[in-house]
1. HN-Hα J couplings of region B:384-399 from phi, Karplus 6.51/-1.76/1.60, θ = phi - 60°, integer Hz, Gly and Pro as x?
2. Quick one: plug the Kirkwood hydrodynamic radius of region A:152-354 (C-alpha pairs) into Stokes-Einstein at 37 °C, 0.692 mPa s, and report D in µm²/s.
3. When you take every Cα atom in chain B, what is the radius of gyration, and what is Dmax, the widest Cα pair distance, in Å?
4. In Å, what Rg and Dmax follow from the Cα atoms of chain C?
5. Which aspartates and glutamates have a Cα lying under 13 Å from the Cα of C:K56, excluding residues fewer than 8 positions away in the same chain?
6. Work out the length of the dipole vector of chain C about its Cα centre, built from +1 on the beta-carbon of each Lys and Arg and -1 on the beta-carbon of each Asp and Glu, and round it to the nearest 20 debye.
7. What fraction of the Cα pairs in region A:92-146, stated in percent, has a spacing above 18 angstrom?
8. Tell me, what is a quarter of the convex hull surface for the C-alpha atoms of region C:155-351, in nm² with one decimal?
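Rule-based calculations on the coordinates, nothing more; no lab input. Since we're looking at a predicted model, the values are computed, not measured. Note that each Cβ is placed from the backbone with ideal geometry, even for glycine, and that neighbours are counted across all protein chains shown.
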Amino acid sequence: MVHMEVAQERRLGAGSRFLAWLGRVLLAVMIPLIAFVVIYEGFLFLRDSQAPRWIIAAVAIVWGVGGVALLYWVFNGIVERLPDVWTQRLQPFVFVGPAMAILIWYLALPAVRTFYLSLFGRDGPPQGVGFFQSFGSDAFVGLQNYVAIFTERLLTEAFRNNLMWIAFGSTFSVILGLLVATLADRSRFERVAKSLVFLPMAISFVGASVIWNFMYEIRPVEQPQIGLLNALLVAAGGNPVAWDKWVAIAPWNNLFLILIVVWLQTGYAMVLFSAALKGIPDEILEAARVDGATEIQVFFRIMIPYIMGTIITVWTTIVIFTLKIFDVVWVMTGGQFGTHVIATQFYRQSFTARNSGYGSAIAIILLLTVIPVMIYNLRQFREQEAF
Amino acid sequence: MKRSLFSILVLLVVVSMVLTSCGPTPAPTEAPKPTEGAKPTEGAKPTEAAKVPFAVMPGGYLEKAIAGEYKGKTVTVDGPFTNPDDQRFFESVKAFEEATGIKVNYIGDKEFEARLSIAVDAGNAPDIADFPQPGKAENYARQGHIVDPTTWIPESWLKQQYNQSWLDMAMVTGPDGNKMTAGVWHRFNGKSLVWYPKDDFDAAGYKIPTTWEELLALTQQIADDGDTPWCIGIESGAATGWPATDWTEELMLRTTSLENYDRWVKGELKFDSPEVRKAIETWSQIWFNDKYVYGGRNGIVSTFFGDAPAPMFEQPPKCWLHKQGNFITGFFPEGAKAGVDYDFFYLPPVDPQYGKPFLVAGDLMAMFNDRPEVRALMEYFTTPQSASGWLTNGGALAAHKTATPDMYGVPLERGIAELVVQATSFRFDGSDMMPGEVGAGSFWTGMTDYVSGAADLDTVLKEIDASWPR
Amino acid sequence: MKSRKWVGPLLVNGSLLIIVLIWSIPTAGLLVSSFRSRFDIQTTGWWNVLPHREWKKVAELDPKELGLNPDGVMSVEGVEGTFEQLRAGLRSPDGDTRVTWVGNKRLGHIEVQKRVWTVTWNFTLDNYKQVLLGTEIKVTKPDGTVETSPGQNLSQAFLNSLAVSIPSTVIPILIAAFAAYAFAWMRFPGRRGMFILVVGLLVVPLQIALVPILRDYNTLNLNGTFLAVWLAHTGFGLALATYLLFNYIRTLPRETLESAFIDGASHFTIFLRLILPLSVPALASFAIFQFLWVWNDYLVALTFLGVDPTYKVLTQRLADLTGTFGNQWHLLTAGAFVTMILPMIVFFSLQRYFVRGLLAGSVKG
C-alpha cells in the first residue's frame, strides 16, 4: 500500500510537482507562523492583564499547549479535504514541517551564522557592509582561526579531555544504566531502586556542585575533613588530596569530574533501557529459558540484540551530551587544573574575551566532531531497514 | 473521542481568554518589561531651588531631571552584584528617584558577563552597566558600544569629583584607536589590607609590622611559635587564581615604579620581565614555604578564597594573617566584631623609595544607550551620595574625592578610607584593567598553574604574554 | 519465580542494594548538611551526625605551671615528646587518653582528651527558612534609622518556573511526535536528508543560538515573555525529542498500522488513536527529561525571560541567594532540595506509564 503511494507520485508531471513543493514549503512555514500569531494575540492579553499570578500561569499553560494542538488539527483538516493525491503529498509536511522549521530557525541558521563569523577576526564582520563585500574586508581571516585552534595548548588539552569524557563517561553511563535497569527489572524493590538511581537527574548542576564539594573538599591533614573521600583517606592513614583539582595526576583528575556526570546521567540511560527491556515479549524469554539457557546467556544473546536499537540511541545521545558538557566543569574547576573541555573554551573566548571569530571556530569544530556519530547512526538505520 | 477532547480544549482556551480580559483588577503589578516603557512627559515643571541631598552638576541633565523634565522614565542598570549589594543599590538611588521621578531598575545577577555580551550583541544593551572589571569594558568600548561621558560632562566637574588617578584609570582605547573615557567610577574596595585576629594577636604580644622585613620577621616568629602564620586560598571556580594576581600587583607597586606598573597594565611591560618576576618571587617566598601557610602550598589552590580566613577565628587561631580586600568581612563568622575579634593593618611597603602605595578595585559605571535620563543618572553616579547605601551599611567605599570620612556609617570602612587618604599613591587592580582574556583568563589560570606546580614560572609568564590580544 | 533458586533474587537484590546505597551517599550528605548551620558545615564533616568516636577534652593544663620547655622534649601525664609530636597528639600507653598541645608555643595549653562516642546533632531549620521565606534585609538609612525588609519568598518564582516548564515540555513532545511519526511511517522526498539534519543538530551547543534568536525576538517584540522561553526550549529540545521518539515509533509493529490503513484510517487518525497511546512510555520518558532540563535550566531563562524580579524562575532566585561573592553557598544545600521536590513528584507520577506489556497484546488487536 505504501508502495502504491510512491508509484502514483512518479506519474505526476513537473508542473504539479512544483506546486506540491510549494505547498509543502508553505505549510511548513504557515503552521508555526499562524500558531505564533494566534498564541501571540492571546499572549498580549496575558501579559497586559492584571489578574493574579496563578491565573496567568494557568492560562499560559492551557493556551500554549492548546494552541499548538489546535493548529495541527486545523491544518491536517485542511489537507485532508484536498483531493487524495494532494493529501498524500502534503500531509507529511503537516507532520514534519513545524519541527523542521523550528529546528532550522533555532539551530541550523545560527550554526550557519556561526560558521560565517568564524571566518572573521575578533570583532566579527564589519558593520554595515554587504555580505559579499565583507569577504574582502580586513576583518576576514579565512581559516586562520581554525589553524590557531590546533596549535594552542589549552585547546589541544580540551580535545584530549573530551576524548576522555567520551571514552569513560559515555561508556560507564550506558553500562551502569543497563545494569541497573536489568537488575531492577527482576527485583521486588524496582520502583524504589529506580527512583533512587534517578534522583540525581532531578538535581540542578549548581546543586550537584555543592554535593560533590562535600565529597571532594580538601582540608589540611591535621584538620577535620569535610569531604567524604578525604575523610576516608585520612582515616586509612593517608594524606588528603585535591581529587578533581589534583593537578599532579593530570589528566586523570578529569575522571573525578566525569564521575559526577556519570552519577547525574545514568538515570537517563536507566529509564530508557528500562522501558526497552519491558518491551521484550515474555514469550521469547520464557522460550529461551525452557531451552535451558542460563540467565547470562539470555541477557547477552537475546535481550541485548533485541534492544540494540535503544542501546544505540542512548549511546548516541549520551556521547553527544558529553561532547557539549559545560556546566559541571565550569562550576567545579572553571576549566583550570587541566580540565578544560571544548564548551568551556568556547565560553571563555566568546563571552569573556569577546573574540567572536575564535569562539565561533571552536563551536564549529564541536559540530564537526559529531560527524562520525551521525555516520554510524545512519549505517545502523540502513541495516535495520528503517529507510 | 479525541475530537471532543479538542473541542473541549478550544472551549477552555476561549473561556480563559474571556476570564482574563474581564477578570478582577487588583493593584497593578510592576511593569513586566525591564526596558523602557517611556510615556511622553509634559513640559518642565517650574523649579523650586530643589533641595536635594547630593551635589548637582551645573548645566547638566541632572539639573533638568530634578526640574521634572524626565519624570516617569525608566533607566536600566545591569551589574553582577546580588544580595545584599542590590539592596544597598536601591537605597543609594532612592534619593535620585525621589528628586527626579525617574525609575531606576537594577537587573543584575551572577551571569552578568555572558548575559551582557549576549544582550549587547542582540541589540538589547542595558542603559548603564556596572563593570567590576573595567578591562572588560574596554572590549565593549573598542567595538563602539560605550558612550563616552566626557562628551557632555565637563572635565572641570570630573576633576572636582575625582582624584586624577581615578580619571586616568578610566581611560581605554576607543573604536577609532584614540583614548576615551569608559565611564564614571562609583565605589571601590581597598585591597592592601592584612586581617588578623586582634584579641589573640595582642594577647600573644605580636606587633603590627610596618615594613616588609618586619612582616617576614613576624611570619618567622609565628612559625617558630609553632603555628602557620598565613591563611591563603585562591580557589574560586572559574575565577580560581585571582588572589594571586592581587598579591602580584601589590608587590609590583612596592618593588617598582608607578610608571612600570602602568606600563605593565597596558601591556607594554611584558610579564616575562625582571620587574614582574621579582614581584612574583617575593610573594612566593611566603606562599611556597609550607611552614608559613596553613595547609601548605598544596592547600592554596583548593581552598575557596571565602573559606580561607576561617581558621583565624578558631580558638586558638590556626593562622594569624590574611591579606584580602575589605569585602571579605562578609565571610567572617557572624558575631565576629570588628576592632575586637579582628582588625586590619596596611600591607607594609617593601622598598621605601616607592612609598606606601594602595591597591584598590572598583566598579565603573559605563553607559550604553544615550538618552537624557540616562545622562542624568550618570551625573548622579559622579556624586558620593550615589553610593550612600554602601557608605552607611558598609561593604564598599565611595571613589569620589568629595566623600568625607564622616559619611561612613561603619567604623571599619571609615578606617580604610582614612588609610587610602594617607597612602602616597594608589592604583587600580591590574588584572581588572587588563583585557578580559588576560585579566580574567590567562593571568588567573597562569597563577593557578604556577602555585599548584603544574607549570614553572617561565612557561606561565610566556603564556600570559602570548594571550595578550593584539 | 518458582523455577529460580533463592540465590537469584538474593544476588539481584544484593547487588542492587549496594549500587543504590553508594549512589545515594552524596545526596544523603547534602540532605544532612541542609539541616546544619553554616559554621558546622564549614568545619566538620556531615557524617558526624552518625555515632562516631571523638576526642573530648577531659582536663586542661598550663605548660608554664608545669615548667615545661616547648623547645625541648617534654614529659607530661605519662607521655614524652617534642612540641611537634605533642601538637599532633600523643597517645598514652593505655590507648584511651591522648595528650595534645593546643595553640602555639606562646599562648597554648595542654589538653588531656578521652575518646568518647558522640553524635553532633546541632540541627537547624535556618537554611530552609532562608531559602523558602527569603532573608531579612536590614538596611541603615543615612539618617540613622534601620529599616528591616522581609525577604521575598519563593512562591512567585515557583509559579514562574511552572509556567515556563509545563508548556516547554508538552509543546516539543507534541511537535516531535508528529515529526517522528512522519519519519517512521511516511514516505516523502527529502526524508533522509531531513533526518540527517535532525541528528546533526543534536550537537549544536545552544549558546551559539542565543544572540541570533534574541535579535529576532527583539524585532518581533517578544522579549521577556513566556512565549519566548517556550519556543526557545522547544527549539533546543526538539532534536533530541524527535530522535528518541523516532527510535521508539519505528519499533512499533507494522502489522498494526497496515491493518488500520486497510480499515480506511488516515495518517492523522492512526497517529492520534493508535501511535500516541502506544508511545506513552517513550513520551513519558522524554517528558521527564525535558521537564527536568527546563526546570533546572538557568541560561535560557536568563537570556529570554530576563532578570525582571516578577518573572524570575526558581533557579535564578537560588543562584542570587548565594550573595555577590558566594558567601552564602551553604544555602544551596537547602535550595537544592527545595527545587528537587517537584521534579521527583513528576517522575513518580509518570513512572506508572513504564508498564510492561503495553505492546504485548496490541499486535493481535
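1. x, 5, 6, 10, 4, x, 7, 4, 7, 10, x, x, 6, 10, 7, 7
2. Approximately 173 µm²/s, per Stokes-Einstein.
3. Rg then Dmax for chain B, in Å: 25.3, 91.
4. Considering chain C through its Cα atoms, Rg and Dmax are 31.1, 105 Å.
5. Within the straight-line cut-off, C:K56 pairs with C:D96, C:E111.
6. Computed charge dipole of chain C: roughly 1440 debye.
7. 46
8. Projected area, direction-averaged: 13.4 nm².
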